[in-house]
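Values quoted throughout were computed directly from the atomic coordinates according to the rules given, and no laboratory measurement underlies them. Treat the numbers as computed from the prediction; the structure is a model and nothing was measured. Because the Cβ atoms are built from the backbone with ideal geometry, glycine has one as well, and the counts that use them run over all protein chains shown.
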Amino acid sequence: TRLAVDSIFMMPHLGVLSEISPKAATEVFRKDCMVYLGSCVAPVGKGKYGKPALYAKLELPDGSVFEENIPFGEIRLIPCEGGKVAKATLKTSSG
């Protein structure tokens, strides 16, 4: 899931603009409205707090590697420079 925020509370106004010019509203939305923050991986399921939930290996653009078994109920922030792409290997745990 990509996370984003409305940069200057523009979306309500784009709704009005879309009534007049859907193409213009879409272009402004994509180029100026949304500030993309990053991606979120959030597995769905039941688990026990502290037990393994997700194996994650990310190969980052700078050559570094993040690799960890992430426990159920926890969250991780893995910084990746804007506009760059990381290769991710993700596997859910059965537990």
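General remarks:
- Selected from Val44, Ile75, Leu58, residue furthest toward positive end of dipole (region 43-95; charges at beta carbon): Val44
- Distance distribution note for region 43-95: the fraction of Cα pairs above 17 angstrom is 39%.
- Computed across the chain, the Kirkwood hydrodynamic radius from all distinct Cα-Cα pairs reaches 16.0 Å.
- Taking 25 °C and 0.890 mPa s as conditions, region 1-40 diffuses translationally at an estimated 234 µm²/s according to Stokes-Einstein applied to its Kirkwood radius (Cα pairs).
- Straight-distance crosslink candidates among aspartates and glutamates, where the alpha carbon sits under 15 Å from Lys46 and sequence neighbours closer than 8 are dropped: Glu74
- For the chain, the longest principal axis of the C-alpha atoms and the axis of helix 11-20 are separated by about 50°.
- For the chain, trypsin sites (Lys or Arg not before Pro) are listed when DSSP marks them as loop and at most 13 other Cβ atoms sit within 10 Å of their Cβ; the list is Lys46, Lys48, Arg76, Lys84.
- Maximal additional length on extending the Lys84-Met11 stretch stands at 23.6 nm, based on 0.36 nm per residue less the C-alpha distance.
- Pair Leu77, Phe29: separation of 7 Å Cα→Cβ label points (nm): 2.9
- Applying a DSSP loop filter and a limit of 11 other Cβ atoms within 10 Å to the GluC sites (Glu not before Pro) in region 63-93 leaves Glu74, Glu81.
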